[in-house]
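Single-structure report; data block below.
The values are calculated or read from the model by the stated rules, or taken from the named source; none is laboratory data. Quick caveat: nothing in here was measured; it's all calculated off a predicted structure. Heads up, the Cβs are rebuilt from the backbone with ideal geometry, glycines too, and the neighbour counts pull from every protein chain shown.
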Amino acid sequence: MTPSIESKERDPPVPYDYRAKVIVLGDAAVGKTSIAVRFTKGFFSPEYIQTLGVNFFVQNVAVEDKVLRMQLWDTAGQERFGPVLEKYYVGAKGAVVVFDKTVPQTLANVRGWLDRVKSICGIIPTMLVGNKADLKEAVTAAQGETFAEQLQLSYLETSAKNGMNVVKVFTLLAFEVVKSLERSEQFDL
Ligand code: G3D
Ligand code: MG
């Protein structure tokens, strides 16, 4: 899904306390862009699409008495052709790794995505997301949960189609990101 430029605004002028780059990863067609669009209602900065080959979305999230401005980076299709460029990962403070519950191979490939996050970003708050929960599943919730447990990740099932759990993914991640920013005291204001 490609967001159309004319219906979007740039940098909604809302105050925030922290900001963080959050990367959305996973195999092609698992629903990354659909999830990002559903969550942010499509706010993005179009120039980033041309210069970096990414969809760039912005959404503020309240975490207790603070506001985190999430800058979501979504691959613009390069994941179809090979590894996503290192600069896509650099500086990320959180990650959402998505697989498609109807395609087991996309879960098997999650490990590769996580390895790359870890090698470039170190250990950052990460959510594992089983998307397309509105369709007939080939990966059960228990399988997703077991996999997530082994890797010490939080797991949620979403449907970008009907909106199920999409906000929850980013709310939980925002909480973890704010805690980790406050722990490291590396505020990116
Ligand atoms: P990607 O960004 O990971 O490559 P997209 O994936 O967001 O482009 O989604 C790929 C296809 O899956 C799209 O269908 C999209 O509509 C569909 N899709 C994404 N999320 C869901 C979901 O939760 N449920 C269902 N049923 N479909 C979903 P098309 O046909 O446009 O290619
Ligand atoms: Mg996409």
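Worth a mention:
- Filtering region 75-101 to residues that are within 23 Å of Q152 (Cα to Cα) and within 16 Å of ligand 1 (Cβ to nearest atom) leaves A95, V96, V97, V98, F99, D100, K101.
- Among the candidates V67, V24, V63, V97, residue that is at pLDDT 95 or above and touching a Gly at 6+ places or on another chain (Cβ under 6 Å): V97
- Some residue of region 114-124 being polar (S, T, N, Q), more than 12 Å from ligand 1 (Cβ to nearest atom) and touching a strand residue (DSSP E or B) at 6+ places or on another chain (Cβ under 9 Å): no
- Residue that is nearest to ligand 2 (Cβ to nearest atom) [pool: residues in region 80-101 that are of a type in the set (D, E, K, R) and surrounded by fewer than 19 Cβ atoms within 10 Å (Cβ to Cβ)]: R80
- Pairs linking a residue in region 158-186 that is in contact (Cβ under 8 Å) with a residue 40 or more places away in the chain and closer than 22 Å to V37 by Cβ to a residue that is of a type in the set (F, W, Y) and not in a helix (DSSP H, G or I), with Cβ atoms under 6 Å and 6 or more positions apart or on different chains, do not occur.
- Matching option when the condition is surrounded by 13 or more Cβ atoms within 10 Å (Cβ to Cβ) and without any contact (Cβ under 8 Å) to a residue 40 or more places away in the chain, among E149, E145: E145
- A single entry from A148, A141 fulfils the requirement of being within 16 Å of ligand 1 (Cβ to nearest atom), touching a strand residue (DSSP E or B) at 6+ places or on another chain (Cβ under 9 Å) and more than 13 Å from G26 (Cβ to Cβ): A141.
- Odd one out for A76, checked against (1) over 18 Å from V177 (Cα atoms); (2) within 13 Å of ligand 2 (Cβ to nearest atom); (3) modelled with pLDDT of 95 or more: (3)
- Residue within region 157-170 that is assigned to a loop (DSSP other than H, G, I, E, B), among the aliphatic types (A, V, I, L, M), under 26 Å from K41 (Cα atoms) and touching a Gly at 6+ places or on another chain (Cβ under 9 Å) present: yes
- Filtered residue count, region 64-73, keeping only those that are touching a Leu at 6+ places or on another chain (Cβ under 9 Å) and within 16 Å of ligand 1 (Cβ to nearest atom): 1
- Qualifying residue in region 44-59 (condition: buried (at least 23 other Cβ atoms within 10 Å of the Cβ), more than 19 Å from A20 (Cβ to Cβ) and away from ligand 2 (no atom under 16 Å from the Cβ)): no
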